[in-house]
Amino acid sequence: MKKRHITLIIILLLVIISVGIYLFANLSQSEVIGSNDLGYVTKYTYSHYGESNHTIAIVSGMHSREKLSAGVLPVAVKFYALFNKVDIVNYEVTVLDNPDDFNIGRSNGESLVHDYVVNDVAKENYGLVIIGHDHEEGYGEGFYIATPSMDSKSVSLAEKAIKELPNFNYYQRDTTKSAKSTSITNVDNPIVATGTPVFVYEIPEWLGFREALTQSYDLIKASFNSLN
């Protein structure tokens, strides 16, 4: 009877600790920074241990059909903020108008980021913005970061970060050719124009959640280290 009583107490304590950690990890300042008929953008700010020297912002859900990055990145942000003294922001994009249509959903997400995230970034002092995506086979290899705007700040940080990411590739855009992707002209370049460097982060869409989460955590770590 006594052993059972002790076991119940231990289980109760573990539940309390687990709930406490969960609540602490999810503790954030949140606000909807913009909404229209296309959808809305929610800004989550995590700073559990006081101000840090640098802040990184991560954009998730911009391309609404890319479910893996949209699910993984908010969790990676919470985990990293839980175990490190950092300030980190997650802009979660929710597309409501035709989210499952490849072209329309993509365009609507980019429009939301252009209209709301870019303006908010301009008011902040982020060391880096990371924009998350999934990619199909043949569209780049494995996990990778890219610097489509090819500005000196973004390239310099990427060259530092990639040294700590053995499972990643780093792709630079050929600037002798015009940018074909609408996300470069509508999102990446406008953010860079605010003076903020940008990484585009691509996750292989066929991989599992756990592997994507681990690699995303490592990317956040390497990105913060590149700012020091």
If Phe199 satisfies all but one of (1) within 14 Å of the chain's Cα centre (by Cα); (2) among the hydrophobic types (A, V, I, L, M, F, W, C); (3) surrounded by fewer than 24 Cβ atoms within 10 Å (Cβ to Cβ); (4) not in a helix (DSSP H, G or I), what's the number of the condition it fails?
(3)
Residue check, Leu219 buried (at least 17 other Cβ atoms within 10 Å of the Cβ), in contact (Cβ under 8 Å) with a residue 60 or more places away in the chain and out of contact with any Gly (no Cβ under 6 Å at 6 or more places or on another chain)
yes
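A quick yes/no check of all residues on (1) under 13 Å from Ile130 (Cβ atoms); (2) at pLDDT 95 or above; (3) not in a helix (DSSP H, G or I):
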position: Tyr40; (1), (2), (3): no, yes, yes
position: Ile58; (1), (2), (3): yes, yes, yes
position: Pro74; (1), (2), (3): yes, yes, no
position: Val77; (1), (2), (3): yes, yes, no
position: Leu82; (1), (2), (3): no, no, no
position: Lys85; (1), (2), (3): no, no, yes
position: Gly109; (1), (2), (3): no, yes, no
Hits in the range 95-104 (condition: closer than 17 Å to Gly132 by Cα, modelled with pLDDT of 95 or more and part of a helix (DSSP H, G or I)):
none
In the range 157-190, how many are part of a helix (DSSP H, G or I) and either free of Cβ contacts under 8 Å to residues at least 12 places away in the same chain or within 22 Å of Ile203 (Cβ to Cβ) (or both)?
15
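Please indicate, with yes or no, whether at least one residue in the range 90-99 is surrounded by fewer than 20 Cβ atoms within 10 Å (Cβ to Cβ) and polar (S, T, N, Q).
Checked against the condition, which is being surrounded by fewer than 20 Cβ atoms within 10 Å (Cβ to Cβ) and polar (S, T, N, Q), the range 90-99 yields at least one hit.
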I'd like the full set of residues that are part of a loop (DSSP other than H, G, I, E, B), closer than 24 Å to Gly138 by Cβ and in contact with a helix residue (DSSP H, G or I) (Cβ under 8 Å, 6 or more places away or on another chain), limited to the range 202-228.
Glu205, Leu207
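Each row is one residue, and each column tells you yes or no for (1) without any contact (Cβ under 8 Å) to a residue 60 or more places away in the chain; (2) surrounded by 15 or more Cβ atoms within 10 Å (Cβ to Cβ).
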{"residue": "Ile104", "(1), (2)": "yes, yes"}
{"residue": "Ser107", "(1), (2)": "no, yes"}
{"residue": "Val118", "(1), (2)": "no, yes"}
{"residue": "Lys123", "(1), (2)": "yes, no"}
{"residue": "Asp134", "(1), (2)": "no, yes"}
{"residue": "Tyr144", "(1), (2)": "yes, yes"}
{"residue": "Ser149", "(1), (2)": "yes, yes"}
Failed criterion for Ala122 (all others in (1) more than 19 Å from Phe224 (Cβ to Cβ); (2) among the aliphatic types (A, V, I, L, M); (3) in contact with a strand residue (DSSP E or B) (Cβ under 7 Å, 6 or more places away or on another chain) hold)
(3)
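The values are calculated or read from the model by the stated rules, or taken from the named source; none is laboratory data. This one's a predicted model, so the numbers in the text were calculated from it and none came from an experiment. All Cβ positions, even for glycine, are placed from backbone atoms using ideal geometry, and neighbour counts span all protein chains on display.
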